[in-house]
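Structure record follows, encoded as structure tokens.
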Amino acid sequence: MPLSPAATPSPAHHPVGASELAQHYAAVLHRLSTLPRVLLRPLRSLHAHLLVSGLRPRSHLLNRLLHLYSLSRDLPSAHRLFLSSPPNPFSATSLLSAFAASRRLDLALRIFASTPLRARDPVLYNALISALSRAPDAAAAAAVLRSMLRDGFRPDAYTFTAALSAIAPPPPPPTPPPPTAASSTAPSSSPAPPAPCQSPMPSLPSTCAAGPPSPPASVDEARRVFDAMDGRFDVVWNAMISGYVQSGMVSEAFELFREMLSKQIPLDEFTYTSVLSACANAGLFLHGKAVHAHVVRSGPDFRS
């Protein structure tokens, strides 16, 4: 069935209700989204019919229309629609990602800044962090991650993997080891037994259950990036600890926290919150009390 203006009913000739009309527009937009590439002319025609129909479309229609404009690279039309519609996470993420893909990071940052906090979600932060990591702009990616934590949004594996990738140097090309006669006959070494879970505080014994879970691929990749960095922002340490906690890897989270203590890395409320969450999730209340005692002794001011 061809997509043309005639395929879209007008209330003047089709006295249908608003609900039926909205369903029709949604169906046509869905058909456009399933095409191999977005056809800009039918999309603009449909948008024009929507404007003259008298229908007041809800956010799901506007979001789909904006998303299709973004996919078709008609960014001016997508931007105009964004400015004339109530802000929401989906439309902001679609337009931000489209600007980033077109190498217009300045406009992507402007979309993020103009989106009120109530209309944001973790996906929007992730889209911007990912765009900055590809730039790469390590300082800006770390700043957005700090803002994400400060605004009360929890980072996920995708968040800190993108943030760490922005700071990591490019990996050197692998060099194959020289072949040896004994390499084909050497017996394979058995894997080392898992280390017991370490306490977050040096003064406490290790009481976690032995055998931490295997790291998910994203967490393992993030740790490789983390280890390859020459300089690390404090927010990156927090992101790595948070990733371990969310993956149930309590031992690794504690080990990284102990390393922060030994290297005198600045600790903030996000560091302590992640470590205390690990203690609570593992039922290690004695360790949690020790972390709390450390907070009391060090006297950090979290209000600044």
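Give region 145-161 a look and list any residue that's crowded, with 23+ Cβ neighbours inside 10 Å and free of Cβ contacts under 8 Å to residues at least 60 places away in the same chain, or say none. I'd like the intermediate steps shown before the answer.
Let us first name the residues in region 145-161 that are crowded, with 23+ Cβ neighbours inside 10 Å, namely 145, 148, 155, 159-161.
Listed by number, the list holds a single entry, MET148.
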Matching option when the condition is in the same structural domain as ASP234 (by TED's automatic domain parsing) and assigned to a helix (DSSP H, G or I), among ILE111, ILE129: ILE129
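Output the number of residues of region 216-232 satisfying the condition of being modelled with pLDDT under 65, of a type outside the set (A, V, I, L, M) and not in a loop (DSSP other than H, G, I, E, B).
Of region 216-232, the ones modelled with pLDDT under 65 are 216-218, 230-232.
Filter once more, so that each one left must be of a type outside the set (A, V, I, L, M): 216, 218, 230-232.
Adding the requirement that they be not in a loop (DSSP other than H, G, I, E, B) leaves 218.
Residues in region 216-232 being modelled with pLDDT under 65, of a type outside the set (A, V, I, L, M) and not in a loop (DSSP other than H, G, I, E, B): 1 in total.
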Answer from LEU109, LEU81, LEU95, LEU117 - the residue that is under 17 Å from the mean Cα position of the chain (by Cα) and within 14 Å of LEU65 (Cα to Cα): LEU95
Lone unmet requirement of (1) under 20 Å from the mean Cα position of the chain (by Cα); (2) at pLDDT 90 or above for PRO87: (2)
Long-range neighbours under 8 Å by Cβ, at least six apart or interchain, first residue under 11 Å from LEU68 (Cα atoms) within region 31-57, second of a type in the set (Lys, Arg) and outside any loop (DSSP other than H, G, I, E, B): SER33/ARG64
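Matching residues to (1) among the basic types (Lys, Arg); (2) closer than 20 Å to VAL236 by Cα:
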| residue | (1), (2) |
| --- | --- |
| ARG258 | yes, yes |
| SER262 | no, yes |
| ILE265 | no, yes |
| PHE270 | no, yes |
| ALA280 | no, no |
| LEU284 | no, no |
| HIS287 | no, no |
| ALA293 | no, no |
| ARG297 | yes, no |
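The values are calculated or read from the model by the stated rules, or taken from the named source; none is laboratory data. Quantities reported herein were computed from a predicted structural model and do not represent experimental measurements. Note that each Cβ is placed from the backbone with ideal geometry, even for glycine, and that neighbours are counted across all protein chains shown.
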